[in-house]
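The values are calculated or read from the model by the stated rules, or taken from the named source; none is laboratory data. Just so you know, these numbers come straight off a predicted model, no measurement behind them. All Cβ positions, even for glycine, are placed from backbone atoms using ideal geometry, and neighbour counts span all protein chains on display.
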């Protein structure tokens, strides 16, 4: 019988661990997908998931970035980019209260109504959504998440008296820069976070704060959604903002969302205002401290039943009014506004012939307006793209693309100029990921990504130059342009050095983008990249949970260091996956799997693909149902006389990884000859756990487990036994010793 999909709403204030629990739950399933409200958050969660399971098993999908391996088990996406047609066991949508957002709400509402996992679906968000979600989804199970720390008001403080580890929140770019400049003069340095920054720039700024290079952060309300920062207090520089429609006071739940960034995990946080801003009303303070906010009454909605017979029909179908009383039709959206404008253009209408051409027009109108400039500029872009796609070869001309992109490949100018170029290049990054629109998608993706990265690095450098005093910068260790990193072993002669700035950033990006095959690990656990000594494995809490560290962490700035360490940790987890013979543990431990199957799977995880056939394991095998047996067979599990072995875990590559991980765990060199040697003497293996390295004691000999099982399987067949000994190149002495130990002694 097919299991019913479980619907869960995890609701509560900030700092409740909702997203963390959702990620953990997703990884308990065989496959999963999580939708995040921002590209920045999608990248952050992608980093966390890949660090757990490796990059070959996780896809990242946003409007501007797609990293989809051959067979991903997990999908991390922005909510708009979620491939809803992709079947997964677990599906999650974060910040579901954005169903009430005036511009984006209709997308979140659509996900609430239609996005489902095969086994389980979670919605994360504010408690304010409980009533309206309950009305729409009667089968929804609600879980209340409590904040792990308290949030208290500190009243009002001057900028000068604000303690370290504080964030100041303003609601315009100019005000952020003004406050950052003041803090620079008062405190020596500050990091800035704005919605217009690229993930690369934002991460570099945040890492500078997190590492303690600066003690203050100035941000827009971009800080209010999902950023996990080491903040002790949040100070509001204003209590009103322009939201794209009007200048208005912040609502109490908006204030609570931002204030909630103060304090992490069990450490309490505080919020208040600068003395230059109006004071928070006592009722607002009480509501924020107690996390009491007005319930959401209506959700923004747009019909998903679109009519592509003509542009007019499409506009009419998009403008259909909702039937349910809790829905409000979306007031405005960039894609609708663009369609409304181009639908009256004579050149466009002349090329709109048939359903497919209308569908293409709608797809082009959905190009995001990252620049948020005058509508006419974006409409002209939409029109130009559509005309080219409907004429000639049906693709955008390379010469035209070059003319649009080339002016953005410019690293000169001030902070505002660089930010504007960053916003503009995002549009072309988005277009480059529409493979059917361009002749050489890979080229344009690489080109636009390189420009965005270079602009992001330069913008970060400009922000540091402007808002961090030179005295504060001078203590940072920079990579030299000449010389060599100290290293020994196979990487010693291949040292390369990268200067800070674009060259260092390029190297970091190469490491991040590289597949596991580009890394090397030697017998001592040292990790090399492109022949370069880069990091080392670090012993984890268990043998199958190693981490990694950089060999020269101080040589990189905070942002670069965080990115490199994340990639090395992901590589460390890939090593474990390879040691287990590419064994997908989640396939056996996912929710709904039989308890005996899950128990056997965890034995394989702890044994890196090899599990001793003891009484406990035999009992679990005995309790397996036919479906569980089939799953084990499909994974190539071989049941031997003494061990259960995953076939892939007995290959030379897997055994090599096993030895590296076991030597790291035991903090000593691997046994000489392992894992190539089929037999190792007691003297060589002395003091080590033979099974950890893939060997089993047979009298005075340590015999490789896969070899031993081959011999044991042929003991009753002299011809096959002779063939086995011949293929394994046993010496006569070892052969006789082995047979003496394995064959039963005759009874007297």
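What is the residue count in region 283-310 for residues that are closer than 14 Å to residue 153 by Cβ and touching a residue at least 60 places away in the same chain (Cβ under 8 Å)?
Within region 283-310, residues that are closer than 14 Å to residue 153 by Cβ and touching a residue at least 60 places away in the same chain (Cβ under 8 Å) number 4.
Among the residues of region 364-371, are any in contact with a strand residue (DSSP E or B) (Cβ under 9 Å, 6 or more places away or on another chain) and at pLDDT below 95?
No; the residues of region 364-371 include none that is in contact with a strand residue (DSSP E or B) (Cβ under 9 Å, 6 or more places away or on another chain) and at pLDDT below 95.
What about residue 118, is it surrounded by fewer than 23 Cβ atoms within 10 Å (Cβ to Cβ) and more than 19 Å from the chain's Cα centre (by Cα)?
Spelling it out, residue 118 is indeed surrounded by fewer than 23 Cβ atoms within 10 Å (Cβ to Cβ) and more than 19 Å from the chain's Cα centre (by Cα).
All but one of (1) buried (at least 18 other Cβ atoms within 10 Å of the Cβ); (2) out of contact with any strand residue (DSSP E or B) (no Cβ under 7 Å at 6 or more places or on another chain); (3) modelled with pLDDT of 90 or more hold for residue 129; which doesn't?
The one condition residue 129 does not meet is (2).
Step by step: first the residues of region 71-80, then only those that are outside any loop (DSSP other than H, G, I, E, B) and surrounded by 22 or more Cβ atoms within 10 Å (Cβ to Cβ), then the one that is nearest to the chain's Cα centre (by Cα). Which residue is that?
76
Return yes when residue 397 is under 28 Å from residue 352 (Cα atoms) and touching a helix residue (DSSP H, G or I) at 6+ places or on another chain (Cβ under 7 Å) and no when it is not.
yes
Would it be correct to say that residue 332 is surrounded by 14 or more Cβ atoms within 10 Å (Cβ to Cβ), within 36 Å of the chain's Cα centre (by Cα), assigned to a loop (DSSP other than H, G, I, E, B) and in the same structural domain as residue 306 (by TED's automatic domain parsing)?
So residue 332 does not fit the description; no.
Can you tell me which residues in region 517-528 are closer than 23 Å to residue 674 by Cα and part of a helix (DSSP H, G or I)?
If the condition is that a residue be closer than 23 Å to residue 674 by Cα and part of a helix (DSSP H, G or I), then 517 is the only one that fits.
May I ask you to list the residues in region 429-450 that are under 17 Å from residue 506 (Cα atoms) and either under 22 Å from the mean Cα position of the chain (by Cα) or in the same structural domain as residue 364 (by TED's automatic domain parsing) (or both)?
Matches in region 429-450: 445, 446, 448, 449, 450.
Considering only region 103-121, I want to know if a residue exists there that is part of a strand (DSSP E or B), touching a strand residue (DSSP E or B) at 6+ places or on another chain (Cβ under 7 Å) and either without any contact (Cβ under 8 Å) to a residue 60 or more places away in the chain or closer than 20 Å to residue 224 by Cα (or both).
No; the residues of region 103-121 include none that is part of a strand (DSSP E or B), touching a strand residue (DSSP E or B) at 6+ places or on another chain (Cβ under 7 Å) and either without any contact (Cβ under 8 Å) to a residue 60 or more places away in the chain or closer than 20 Å to residue 224 by Cα (or both).
Look through region 546-564, keep the residues that are touching a residue at least 24 places away in the same chain (Cβ under 8 Å), in contact with a helix residue (DSSP H, G or I) (Cβ under 8 Å, 6 or more places away or on another chain) and surrounded by fewer than 24 Cβ atoms within 10 Å (Cβ to Cβ), and return whichever of them is nearest to residue 207 (Cα to Cα).
Per the stated criteria, the residue is 558.
Do you know which of the residues in region 609-644 that are touching a strand residue (DSSP E or B) at 6+ places or on another chain (Cβ under 9 Å) and under 17 Å from residue 689 (Cβ atoms) is surrounded by the most Cβ atoms within 10 Å (Cβ to Cβ)?
The residue in question is 609.
Please enumerate the residues belonging to region 132-149 that are within 17 Å of residue 328 (Cα to Cα) and surrounded by fewer than 18 Cβ atoms within 10 Å (Cβ to Cβ).
Correct list: 135, 136.
If I filter region 479-492 for residues that are surrounded by 15 or more Cβ atoms within 10 Å (Cβ to Cβ), assigned to a helix (DSSP H, G or I), in contact with a strand residue (DSSP E or B) (Cβ under 9 Å, 6 or more places away or on another chain) and at pLDDT below 60, do I get at least one hit?
Yes, because at least one residue in region 479-492 is surrounded by 15 or more Cβ atoms within 10 Å (Cβ to Cβ), assigned to a helix (DSSP H, G or I), in contact with a strand residue (DSSP E or B) (Cβ under 9 Å, 6 or more places away or on another chain) and at pLDDT below 60.
Give the residue, chosen from 53, 61, 68, that is under 30 Å from residue 427 (Cβ atoms) and crowded, with 18+ Cβ neighbours inside 10 Å.
Checking each option against the conditions leaves just 61.
Do any strands (runs of 3 or more DSSP E) entirely within region 126-230 hold 3 or more residues that are touching a helix residue (DSSP H, G or I) at 6+ places or on another chain (Cβ under 8 Å), and if so, which?
Counting at least 3 such residues, we get 151-157, 166-169, 191-193, 216-219.
Mind telling me which of the residues 4, 14 ends up being surrounded by 21 or more Cβ atoms within 10 Å (Cβ to Cβ), modelled with pLDDT under 85, out of contact with any strand residue (DSSP E or B) (no Cβ under 7 Å at 6 or more places or on another chain) and at negative phi?
Checking each option against the conditions leaves just 14.
Starting from region 191-215, keep only residues that are surrounded by 23 or more Cβ atoms within 10 Å (Cβ to Cβ), then list their pairs with residues that are assigned to a loop (DSSP other than H, G, I, E, B) whose Cβ atoms are within a distance under 6 Å, requiring at least 6 positions of separation or different chains.
Correct list of pairs: 191/214; 208/214; 214/190.
Is there a residue being surrounded by fewer than 12 Cβ atoms within 10 Å (Cβ to Cβ) and either farther than 22 Å from residue 202 by Cα or not assigned by TED's automatic domain parsing to the domain that holds residue 97 (or both) anywhere in region 251-260?
Checked against the condition, which is being surrounded by fewer than 12 Cβ atoms within 10 Å (Cβ to Cβ) and either farther than 22 Å from residue 202 by Cα or not assigned by TED's automatic domain parsing to the domain that holds residue 97 (or both), region 251-260 yields no hits at all.
Can you tell which of 280, 318, 314 is under 30 Å from residue 136 (Cβ atoms) and touching a residue at least 40 places away in the same chain (Cβ under 8 Å)?
Criteria check complete, one pass: 314.
Does region 169-182 include one or more residues that are surrounded by fewer than 23 Cβ atoms within 10 Å (Cβ to Cβ), under 24 Å from residue 45 (Cα atoms), within 30 Å of the chain's Cα centre (by Cα) and in contact (Cβ under 8 Å) with a residue 40 or more places away in the chain?
No, that holds for no residue.
To keep it simple, each residue is scored yes or no on (1) in a strand (DSSP E or B); (2) in contact (Cβ under 8 Å) with a residue 60 or more places away in the chain; (3) crowded, with 19+ Cβ neighbours inside 10 Å; (4) over 35 Å from the mean Cα position of the chain (by Cα).
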site: 323; (1), (2), (3), (4): no, no, no, yes
site: 337; (1), (2), (3), (4): no, no, no, no
site: 357; (1), (2), (3), (4): no, no, no, yes
site: 367; (1), (2), (3), (4): no, yes, yes, no
site: 371; (1), (2), (3), (4): no, no, no, no
site: 376; (1), (2), (3), (4): no, no, no, yes
site: 384; (1), (2), (3), (4): no, no, no, no
